[in-house]
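Here the structure comes first, spelled out in structure tokens, and everything after it is commentary.
Bear in mind these aren't lab numbers, they're just calculated from the coordinates by the rules spelled out. The structure displayed is predicted, hence computed values, not measured ones. With ideal geometry, Cβ positions are generated from the backbone for all residues, glycine too; neighbour counts draw on all protein chains shown.
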Amino acid sequence: MDIFPVKSTENPRLRRNSGPVVVVGAGMGGLAAAIRLAAAGLPVTLIDAGAEPGGKMRTTPSAAGPVDSGPTVLTMRAVFDDLFEAAGARLEDHLRLIPLDVLARHYWSDGSTLDLHPDATRNEAAIRAFAGAGAAAEFRAFTAQAQTLRMAFEAPVMNAPRPDLAGLTAAALAAPRLWRALAERLGPNLRRHFSDPRLRQLFGRYATYVGGLPGQVPAVLGLIWDVEQQGVWAVQGGMARLAQALTRLAEALEVQRLANTRVTGIDAPDGVVRGVRLNSGMALPCQSVVFNGDPAALGAGLLGLDPLSAVPARGTSPRSLSARVWAFAARPQGLDLALHTVFFADAEAAEFGPLARGLHPVDPTIYVCAQDRAAGVPEGPERFEMILNAPPLPHAAPDDPEEAMKCRQMTFQRLARFGLSFDALPDPTSLTRPQDFARMFPSSAGSLYGRSPAGTLASFHRPTARTRIRGLYLAGGGVHPGAGVPMATLSGRHAAEAIMKDRGLTSSSRPMAMPGGMSTA
């Protein structure tokens with residue numbers, strides 16, 4: 001298999017250090033790394049087992065067109081503007097992003113409802129009307145904490161190639177009230193901030209964005225609220241358009257893309273990468289590999305024996321949450337849905353208690369994405385994605401043939417109690433279960449977010465771009481800085497910068513101030 005010629009350059013250092021790079025996996029981390037490396041002049045081959053790019057940013061067919069079946073929105077827009085800029089392009093020339101006026105609409109079974117917006121004043125007024133002046137004051141204090149946390153974590157954690165404990169300590173010394181949030185769990189922190197259990201439930205939901213439970217994850221995850229309040233965007237046409245646009249950008253930079261191709265081995269004799277092996281039996285020599293898959297696959301031997309010790313075991317275990325995901329088209333009736341609508345469980349314990357024990361909750365929170373409502377209420381059938389949190393698989397999970405039917409009955413009966421119904425229910429094959437995610441993403445155990453975020457030091461245990469194997473790098477949601485579309489994209493930047501630095505080349509990336517946050521799904 002031929003590698004395309006290296007671009008001509010007058011930089012002699014680049015000529016000496018321009019050995020081929022293979023990127024394994026066309027998720028957001030892999031696409032971002034491939035684009036940045038190709039823009040710097042390195043020859044890049046992007047290999048993906050699927051026919052379409054995007055990884056977990058996937059779609060499911062429906063009568064109304066492809067339905068998003070993974071992440072549903074963009075936050076941290078600056079991350080994507082920076083990626084396009086690194087390739088000499090502008091995001092707005094390739095995609096239309098639609099800013100959301102309603103970040104999410106929330107329903108409780110007592111009949112109460114609350115909309116949140118990208119505007120602090122409107123949110124405070126909405127919460128005052130929802131739960132009183134005291135709740136509005138509590139919300140104001142929580143928002144101030146979230147903003148302080150985000151600002152403290154941007155440089156030493158999110159924007160750094162590895163968590164910088166010294167930088168984080170300096171930020172905490174400058175804002176002493178951070179110490180408690182650094183040591184505390186999110187659940188207790190929310191109980192301290194909010195007297196209304198509905199608001200504790202709402203903001204505790206952010207733990208699930210990265211695959212955790214409020215009682216187990218650090219209170220610093222409250223920063224996600226500040227991130228969302230600063231802006232959430234829908235991608236016109238669906239999130240898959242983002243992966244497609246990045247793929248076109250990579251190909252314009254002469255990245256060679258091999259779809260429907262599996263890498264069966266990474267050859268690294270004596271701890272140094274020499275190439276990869278493909279399912280066709282062909283060997284592809286290279287100087288560097290970026291692995292954009294679940295890091296647990298390396299330790300499981302799915303990429304051969306050479307990278308078995310590339311990632312410490314504590315970097316991949318314990319596992320984060322999975323999900324059960326419905327994707328279908330239908331006409332809704334009974335409620336005014338926003339693009340994102342959340343129907344809460346009757347009690348947090350009823351949902352998070354079973355999840356903590358590895359069980360599916362009988363009373364789950366149901367997240368509904370009405371994909372077509374970013375641009376208004378459409379005529380005819382609409383595309384819907386519904387997400388219910390689920391535990392990852394145990395080592396030997398029974399495959400219940402009735403699970404889809406049971407889940408459908410539970411999901412839509414519960415929505416009907418809120419007043420939401422549909423003119424047609426999805427076929428059971430429209431459900432993606434943890435078992436299905438485990439098959440799609442080898443060694444993930446169905447977990448959607450890699451290592452669990454539980455525990456104070458979870459961020460410090462997550463793998464970083466460099467591994468113990470020289471020339472082998474990591475990118476993706478299972479890698480620092482964490483789960484979510486913008487974070488996975490940042491991981492690709494970190495991987496590209498590590499390769500450039502290790503080869504003695506100059507990175508084209510610039511420091512960033514990031515006014516956004518993590519994805520909804």
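Relative to the longest principal axis of the Cα atoms of the chain, the long axis of helix 77-86 lies at roughly 20 degrees. Against the chain, whose longest principal axis is taken from its Cα atoms, helix 240-252 shows a tilt of about 20°.
Cβ-to-Cβ counts within 10 Å put W326, W108 in ascending order as W108, W326, the fewest first. Volume per residue for segment 246-339 equals 193 cubic angstrom (convex hull of Cα atoms).
The trypsin sites (Lys or Arg not before Pro) of segment 84-156 meeting both criteria, a DSSP state outside H, G, I, E and B (loop) and at most 15 other C-beta atoms within 10 angstrom of the site's C-beta, are R90, R96.
As I understand it, the value is the acute angle between the Cα axis of helix 120-131 and the longest principal axis of the Cα atoms of the chain; what does it come to in degrees, rounded to 10? Tilt relative to the chain: about 40 degrees. In the chain, Cα pairs under 8 Å separated by at least six residues give a relative contact order of 25 percent. Seen from P354, the other residues with C-beta closer than 12 Å to its C-beta sum to a net charge of -2, counting Lys and Arg as +1 and Asp and Glu as -1. Each Lys or Arg adds one and each Asp or Glu takes one away; over the other residues whose Cβ falls under 12 Å from the Cβ of M440, this sums to +2. Sorting E402, E251 by the number of Cβ atoms found within 10 Å of their own Cβ, with the fewest placed first, yields E402, E251.
Residue order for K56, K501, fewest other beta carbons within 10 angstrom first, comes to K501, K56.
Put the Cα centre of segment 162-196 next to the Cα centre of segment 230-294 and the gap is 37 Å. Taking segment 401-436 and a reference point 7 angstrom along Cα→Cβ of R331, the backbone N atoms nearer than 15 Å belong to 421-425. Relative to the Cα centre, the charge distribution of the chain, modelled as +1 at Lys and Arg Cβ and -1 at Asp and Glu Cβ, gives a dipole magnitude of about 1300 debye.
Neighbours of A259, meaning other residues whose beta-carbon lies under 10 angstrom from its beta-carbon, give a summed charge of -1 when Lys and Arg score +1 and Asp and Glu score -1.
Straightening the chain between T113 and M405 buys 102.2 nm, computed as 0.36 nm per residue apart minus the Cα-Cα spacing. Under the combined filter of DSSP loop state and at most 10 neighbouring Cβ atoms within 10 Å, segment 335-402 retains these trypsin sites (Lys or Arg not before Pro): R357. The P(r) of the chain has a tail past 34 Å containing 34 percent of all C-alpha pairs. Per residue of the chain, the DSSP helices (runs of n ≥ 4 H) give a summed -39500 (n - 2.57) that works out to -9500 deg cm²/dmol at 222 nm. Each DSSP beta bridge with both residues in the chain is either parallel or antiparallel, and the antiparallel ones are about 70%. Once the chain from D93 to A313 is taken as fully extended at 0.36 nm per residue, the excess over their C-alpha distance is 74.9 nm.
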